[in-house]
């Protein structure tokens with residue numbers, strides 16, 4: 001289940017990080033002023049949507065799209081072991097679950113990234129313009145370097161949400177106790193969804209095992225946050 005947690009969270013971040021950074025830059029620097037405020041409000045509201053809603057959306061709506069993408073990957077990249085499957089049951093695969101989890105992580109990460117980019121000193125951007133730079137040049141040379149530590153913090157926040165997600169993974173994946181790095185296979189699960197599934201019918205010893213699993217998940221999340229904090233402190237600009 002630890003392997004499953006890492007695999008699904010990695011897939012989620014692979015999709016979520018580029019979308020979040022691109023969305024934050026668009027809202028802050030390219031969106032017309034009359035839709036800026038509505039976009040910010042919608043983004044904050046999306047970040048507060050319960051994971052159950054994303055899970056139901058994934059099951060009822062997104063799965064059909066995810067299966068098409070998974071089928072395309074299997075057809076074109078099936079010679080790569082992680083995309084090769086014996087039985088084509090893509091609807092309950094870590095890939096589709098990771099895509100749904102990415103939709104859950106994107107609003108949080110985008111909201112943090114947008115807030116960080118909005119705090120870029122305006123005089124630095126204006127100086128870039130005064131030297132003949134374009135908006136894209138200012139973003140590349142000023143905004144992105146200035147906000148990298150804060151954006152990284154937002155990514156780690158999204159990673160923590162992805163590692164501990166319960167309901168969406170519970171609805172999207174078959175819980176199979178098997179090591180598998182094949183993201184298109186109909187196996188997987190994570191620690192949180194395992195605890196939610198097994199806790200109601202567990203014996204005393206099984207409850208102890210589930211509590212230990214929760215402790216392991218807590219330790220993993222703590223390690224991730226500690227590493228993130230260390231990187232942020234090293235990359236934060238000093239006065």
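Looking across segment 11-61, just one residue is touching a helix residue (DSSP H, G or I) at 6+ places or on another chain (Cβ under 8 Å), under 26 Å from residue 144 (Cβ atoms) and not in a helix (DSSP H, G or I), and that is 31.
Within segment 115-131, is even one residue out of contact with any helix residue (DSSP H, G or I) (no Cβ under 9 Å at 6 or more places or on another chain), without any contact (Cβ under 8 Å) to a residue 12 or more places away in the chain, more than 24 Å from residue 33 (Cβ to Cβ) and in a helix (DSSP H, G or I)? Looking for residues that are out of contact with any helix residue (DSSP H, G or I) (no Cβ under 9 Å at 6 or more places or on another chain), without any contact (Cβ under 8 Å) to a residue 12 or more places away in the chain, more than 24 Å from residue 33 (Cβ to Cβ) and in a helix (DSSP H, G or I), one finds none in segment 115-131, hence no.
Across segment 219-236, the number of residues qualifying as free of Cβ contacts under 8 Å to residues at least 12 places away in the same chain and either in contact with a strand residue (DSSP E or B) (Cβ under 6 Å, 6 or more places away or on another chain) or closer than 30 Å to residue 66 by Cα (or both) comes to 0. With respect to residue 208, is the statement that it is over 18 Å from the mean Cα position of the chain (by Cα) and outside any helix (DSSP H, G or I) true? It is false that residue 208 is over 18 Å from the mean Cα position of the chain (by Cα) and outside any helix (DSSP H, G or I). Being under 14 Å from residue 114 (Cα atoms) and touching a residue at least 40 places away in the same chain (Cβ under 8 Å) holds for only one residue in 49, 41, 21, and it is 21. Being within 28 Å of residue 76 (Cα to Cα) and assigned to a loop (DSSP other than H, G, I, E, B) narrows it down to one residue among 177, 181; which is it? Selected residue: 181, the only one of 177, 181 that is within 28 Å of residue 76 (Cα to Cα) and assigned to a loop (DSSP other than H, G, I, E, B). Tell me whether segment 1-10 contains one or more residues that are at pLDDT below 85, farther than 30 Å from residue 119 by Cβ, out of contact with any helix residue (DSSP H, G or I) (no Cβ under 8 Å at 6 or more places or on another chain) and not in a helix (DSSP H, G or I). Taking every residue of segment 1-10 in turn, none turns out to be at pLDDT below 85, farther than 30 Å from residue 119 by Cβ, out of contact with any helix residue (DSSP H, G or I) (no Cβ under 8 Å at 6 or more places or on another chain) and not in a helix (DSSP H, G or I). Being touching a residue at least 60 places away in the same chain (Cβ under 8 Å) and assigned to a helix (DSSP H, G or I) holds for only one residue in 189, 200, 158, and it is 158. Of the residues making up segment 67-89, not a single one is closer than 23 Å to residue 164 by Cα and surrounded by 12 or more Cβ atoms within 10 Å (Cβ to Cβ).
Among the residues of segment 47-61, are any farther than 12 Å from residue 97 by Cα and surrounded by 15 or more Cβ atoms within 10 Å (Cβ to Cβ)? Yes, segment 47-61 has at least one match. Inside segment 85-114, residues that are over 18 Å from the mean Cα position of the chain (by Cα) and in a loop (DSSP other than H, G, I, E, B) make up a count of 5.
Within the span defined as segment 134-149, every residue fails to be under 26 Å from residue 96 (Cβ atoms) and either loosely packed, with under 15 Cβ neighbours inside 10 Å or at pLDDT 85 or above (or both).
The values are calculated or read from the model by the stated rules, or taken from the named source; none is laboratory data. Quick caveat, the model's predicted, so the values are computed rather than measured. Cβ sites come from the backbone with ideal geometry, for glycine too, and all protein chains shown count toward neighbours.
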